[in-house]
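Please treat every number below as a calculation from the coordinates, not as lab data. Not measured: the values here are computed from a predicted model. FYI the Cβ positions are ideal-geometry reconstructions off the backbone, even for glycines, and counts take in every protein chain you see.
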């Protein structure tokens, strides 16, 4: 067996081993020693040290660690980019008017309010103000019904009447939702020992059983969006 070069013939040694000569042509076979000597050997620690030069530290500078560090660097750059954009937005990007319908204040006006932050809803940006029993500041109006409460229930009848109507309602999480505080109206008719199902009007007005008599009120009082227990409100 010979190569295409007459100067590169395979040699069988006196001990019977096949000896590869120095390769000349592109298709010639080469020994591992020849390849290693040419700088293309295994990715051993010694070879990595040779490629990386002085200062190579195997625990941090291996090819595996370098790859991981590059991935971490990309993530870090992305996070820093987002932070920079956020800071720039705070400096120059909030001078325009909030975009919620009917808004008349800017984002910077919002941030100047105690507990104020810019909230993005599906209808546009508004000013979310947090606090205790909070309301919109003077000169601001509530953005529709955006608000949140720590506890739902106001007055003496938070669970409604005896016939399970008119329980107070409202949002615990910040949402565009009305809060309803129901109370009995004025004037009542009294029915002795009769239940909800026996008094037709109890399906449409406030009925209260005191243990002896059922009191049927002429009306139901409703107040919307009470301040008490409100922890956040959307303003514009």
Computed FRET efficiency, Cβ-Cβ of residue 130 and residue 84, R0 25 Å: what is it to the nearest 0.05? 0.40
Regarding region 112-156, what whole-number volume in Å³ per residue does the convex hull of its Cα atoms give? 109 Å³
Given a Förster distance of 41 Å, report the FRET efficiency between residue 222 and residue 111 from their Cβ-Cβ distance, rounded to the nearest 0.05. 0.70
Region 124-180-region 65-88 distance, computed between alpha-carbon centres (Å): 41 Å
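Just subtract the alpha-carbon distance of residue 192 and residue 165 from 0.36 nm times their residue separation and send over the number in nm, one decimal. Show your work: numbers first, answer last.
Numbers: separation 27, 0.36 × 27 = 9.72 nm, distance 2.04 nm.
Taking residue 192 through residue 165 to full extension adds about 7.7 nm, to one decimal.
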Using only Cα atoms, what is the ratio of the radius of gyration of region 176-216 to 2.2 N^0.38 Å? 1.37
Please sort 227-236, 151-160 by packing, taking for each peptide the average over its residues of neighbouring beta carbons within 10 angstrom, highest first. 227-236, 151-160
So, with points 7 Å from each Cα along the Cβ direction, the residue 201-residue 68 label distance in nm works out to 7.9 nm
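Any idea what the alpha-carbon Rg over 2.2 N^0.38 Å comes to for region 88-236?
Working: Rg = 20.6 Å, N = 149, 2.2 N^0.38 = 14.7 Å.
Taking the Cα Rg and dividing by 2.2 N^0.38 Å, one obtains 1.40.
Just subtract the alpha-carbon distance of residue 156 and residue 77 from 0.36 nm times their residue separation and send over the number in nm, one decimal. Write down the numbers at each step before the final one.
Numbers: separation 79, 0.36 × 79 = 28.44 nm, distance 5.68 nm.
Between residue 156 and residue 77, full extension yields 22.8 nm more.
Between residue 173 and residue 25, what length in nm is gained on full extension when 0.36 nm per residue of separation is reduced by their alpha carbon distance?
On the way: separation 148, 0.36 × 148 = 53.28 nm, distance 7.67 nm.
So the extension gain works out to 45.6 nm.
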